[in-house]
Amino acid sequence: MRSAVASAADRPGGSAVESGVTVTYLDHAASTPMRPEAIDVMRPYLDGVYANPSGSHRFARRARQAIDESRDRVADVLGCRPNEVVFTGCGTESDNMAITGAVEAGARLTRSAGGSGRPVAICSAVEHPAVLDVVVHHGGVVVGVDRAGRPLLDAVADAIERTQAAGDHVAVVSAMAVNNEVGSVTDVIELARLVRRLAPDALIHTDAVQAACWLDLRPIVEVVDLLALSAHKFGGPKGAGVLVERGRPVVEPLIRGGGQERGRRSGTHNVGGIVATAEALALTDDERDADRVRIADLRDALVDGLVDSVSDVIETVDRPDKVAGSAHVCIAGVESEALLYLLDEADVCASAASACASGAMERSHVLAAMDVDPRYAVGALRLTLGHASTPSDVDRALDVVPAAVARLRR
Ligand code: PLP
């Protein structure tokens with residue numbers, strides 16, 4: 001264990017140099033640095049192979065071949081068929097396509113069968129807004145979670161049964177594989193079993209955007225209909241996502257137009273982004289087991305150090321229930337916003353809630369759903385580690401965070 005941590009010191013990029021300042025980067029769940037190999041494979045498509053892959057000349061064919069090869073690589077990591085992989089513009093788009101596309105497909109099926117009743121989307125209360133807001137937008141049902149932030153199976157069953165009793169039908173049930181804020185892991189396989197039993201026609205979607213670094217995705221892909229990924233969470237570029245759509249097209253497309261991606265997602269392909277996504281995902285898959293051990297050691301050192309040096313602090317989720325890169329704590333007597341300000345001043349990058357909502361002074365929707373005591377929840381601190389993290393990141397955080405908390409409490 002110890003040597004795994006020590007060897008990480010040799011890895012480049014744990015602390016990033018930003019405008020000449022060395023920053024301690026502990027915000028990998030927001031975005032993790034691109035893997036150098038992913039940058040290398042992307043470069044030729046930025047300054048060389050720039051042709052539109054939908055064209056007919058040989059430069060276009062070369063770009064198209066790169067996409068095909070990338071699709072094969074992604075399918076290999078996910079344990080699905082290449083034609084089940086849809087390249088999208090980001091994780092948010094993949095989630096939107098899954099939920100909106102399922103609701104629209106449900107409405108179309110009902111119409112064509114001459115039936116009545118509404119297609120209903122169901123999700124957990126701790127989903128990322130890319131799912132939660134879309135489910136609410138379509139008038140869906142949001143179900144509660146346990147103290148670790150995992151959907152309550154009884155609540156899911158109840159939501160399905162109430163929907164059916166009202167004469168509506170469940171179009172999609174969505175539960176994230178790993179929570180972006182507190183890192184908790186949901187047993188998607190168990191949930192899928194329940195949904196298949198109670199609502200065999202419902203689609204099952206999982207937002208696996210935060211899962212790729214920590215979980216083998218193959219057993220999850222096997223039990224769901226739809227799975228969303230985002231490349232910048234596993235060392236690929238921003239603006240590149242994946243939606244896995246199992247079996248046959250099951251949802252309506254979100255973006256229509258030129259018919260790319262077999263009509264599933266129109267729009268000129270981001271060739272370099274797709275090639276780099278495949279490279280980063282393949283490397284993440286190869287290195288996952290070793291990274292998990294190394295990063296869990298770093299995370300444990302970080303959290304143990306914080307608990308030892310800061311009074312009145314709670315670990316938001318127990319370690320066996322969450323991923324190795326998550327070090328979420330709640331600190332009484334401070335406000336996240338003020339703490340993040342002091343950390344930023346000391347060149348330590350962290351966040352409070354999800355990146356989209358950091359700085360919020362109220363309990364985040366995730367901590368509220370988990371019923372975390374507001375006295376602690378307003379002092380939430382999300383430190384997240386990733387493939388480029390090093391022991392010096394942990395040392396620096398343990399220098400800076402306790403001092404910042406002490407200053408705020410004075
Ligand atoms: N889902 C989860 C769980 C996330 O953490 C994020 C990003 O923070 C997204 C979806 C959205 O992904 P993207 O940034 O690619 O739109």
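Out of the residues in segment 8-24 that are surrounded by 13 or more Cβ atoms within 10 Å (Cβ to Cβ) and of a type in the set (Gly, Ala, Ser), which is modelled with the highest pLDDT?
Ala16
Of all residues in segment 270-283, which are touching a Gly at 6+ places or on another chain (Cβ under 8 Å) and open to solvent by 10 Å² or more (accessible area, probe 1.4 Å)?
Result: Asn270, Glu279, Leu283.
For the structure I just gave you, tell me whether Val394 is of a type in the set (Val, Ile, Thr), open to solvent by 10 Å² or more (accessible area, probe 1.4 Å), touching a residue at least 24 places away in the same chain (Cβ under 8 Å) and out of contact with any Asp or Glu (no Cβ under 9 Å at 6 or more places or on another chain).
When the stated conditions are applied, Val394 does not pass them.
Considering only residues of segment 170-182 that are within 11 Å of the ligand (Cβ to nearest atom) and over 15 Å from Ala121 (Cα atoms), which is surrounded by the fewest Cβ atoms within 10 Å (Cβ to Cβ)?
Looking at the filtered set, the residue picked out is Ala177.
In this structure, is Val170 outside any helix (DSSP H, G or I) and touching a Pro at 6+ places or on another chain (Cβ under 9 Å)? Give the steps one after another, and end with the answer.
On the way: outside any helix (DSSP H, G or I): yes; touching a Pro at 6+ places or on another chain (Cβ under 9 Å): yes.
Yes; evaluated as a whole, the condition is true for this residue.
Which condition number in (1) open to solvent by less than 50 Å² (accessible area, probe 1.4 Å); (2) under 30 Å from Asp285 (Cα atoms) is the one that Glu190 fails?
(1)
Taking Val334 as the residue in question, decide whether it is in contact (Cβ under 8 Å) with a residue 24 or more places away in the chain, assigned to a loop (DSSP other than H, G, I, E, B) and open to solvent by less than 60 Å² (accessible area, probe 1.4 Å).
Values: in contact (Cβ under 8 Å) with a residue 24 or more places away in the chain: yes; assigned to a loop (DSSP other than H, G, I, E, B): yes; open to solvent by less than 60 Å² (accessible area, probe 1.4 Å): yes.
Answer is yes for this residue.
Considering segment 130-144 alone, what residues qualify as being in contact with a helix residue (DSSP H, G or I) (Cβ under 9 Å, 6 or more places away or on another chain), hydrophobic (A, V, I, L, M, F, W, C) and assigned to a helix (DSSP H, G or I)?
Within segment 130-144, Ala130, Val131, Leu132, Val134, Val135 meet the criteria.
Filter the helices (runs of 4 or more DSSP H) completely within segment 25-129 down to those with at least 1 residues that are more than 16 Å from the ligand (Cβ to nearest atom), open to solvent by 50 Å² or more (accessible area, probe 1.4 Å) and at pLDDT below 95.
It comes to 44-47, 58-78, 91-112.
Looking only at segment 130-146, filter to residues that are open to solvent by less than 20 Å² (accessible area, probe 1.4 Å) and more than 19 Å from Ser94 (Cα to Cα); which one of those is farthest from the ligand (Cβ to nearest atom)?
My answer is Val143.
What do you reckon, is Gly149 out of contact with any Lys or Arg (no Cβ under 7 Å at 6 or more places or on another chain), away from the ligand (no atom under 16 Å from the Cβ), in contact (Cβ under 8 Å) with a residue 12 or more places away in the chain and over 23 Å from Arg246 (Cα atoms)?
It is false that Gly149 is out of contact with any Lys or Arg (no Cβ under 7 Å at 6 or more places or on another chain), away from the ligand (no atom under 16 Å from the Cβ), in contact (Cβ under 8 Å) with a residue 12 or more places away in the chain and over 23 Å from Arg246 (Cα atoms).
Go through segment 226-251 residue by residue and tally those that are in a loop (DSSP other than H, G, I, E, B), within 17 Å of the chain's Cα centre (by Cα), closer than 25 Å to Glu104 by Cα and more than 9 Å from the ligand (Cβ to nearest atom).
Qualifying residue count for the region: 0.
Which residues, counting only those in segment 180-193, are farther than 21 Å from Arg218 by Cβ and free of Cβ contacts under 8 Å to residues at least 60 places away in the same chain?
none
When segment 247-269 is examined, which residues are found to be more than 28 Å from Val41 (Cα to Cα), open to solvent by 40 Å² or more (accessible area, probe 1.4 Å) and in contact (Cβ under 8 Å) with a residue 24 or more places away in the chain?
Residues of segment 247-269 more than 28 Å from Val41 (Cα to Cα): 247-254, 256-257.
Those still in the list that are open to solvent by 40 Å² or more (accessible area, probe 1.4 Å) too: 247-249, 254, 256-257.
Within segment 247-269, Gly247, Leu254 qualify.
Go through segment 145-167 and report how many residues are in a loop (DSSP other than H, G, I, E, B) and aliphatic (A, V, I, L, M).
3
Are any residues in segment 135-189 farther than 16 Å from Thr316 by Cα and of a type in the set (Asp, Glu), and if so, which ones?
Asp154, Asp158, Glu161, Asp168, Asp187
The values are calculated or read from the model by the stated rules, or taken from the named source; none is laboratory data. Nothing here was measured: the structure is a model prediction, and the numbers come from that model. Note that we place each Cβ from the backbone using ideal geometry, even for glycine, and neighbour counts take in every protein chain shown. The protein model used for the area step is the full one, side chains on, heavy atoms only, and it has no ligands, DNA or RNA in it. Shrake-Rupley method; radii C 1.70, N 1.55, O 1.52, S 1.80 Å.
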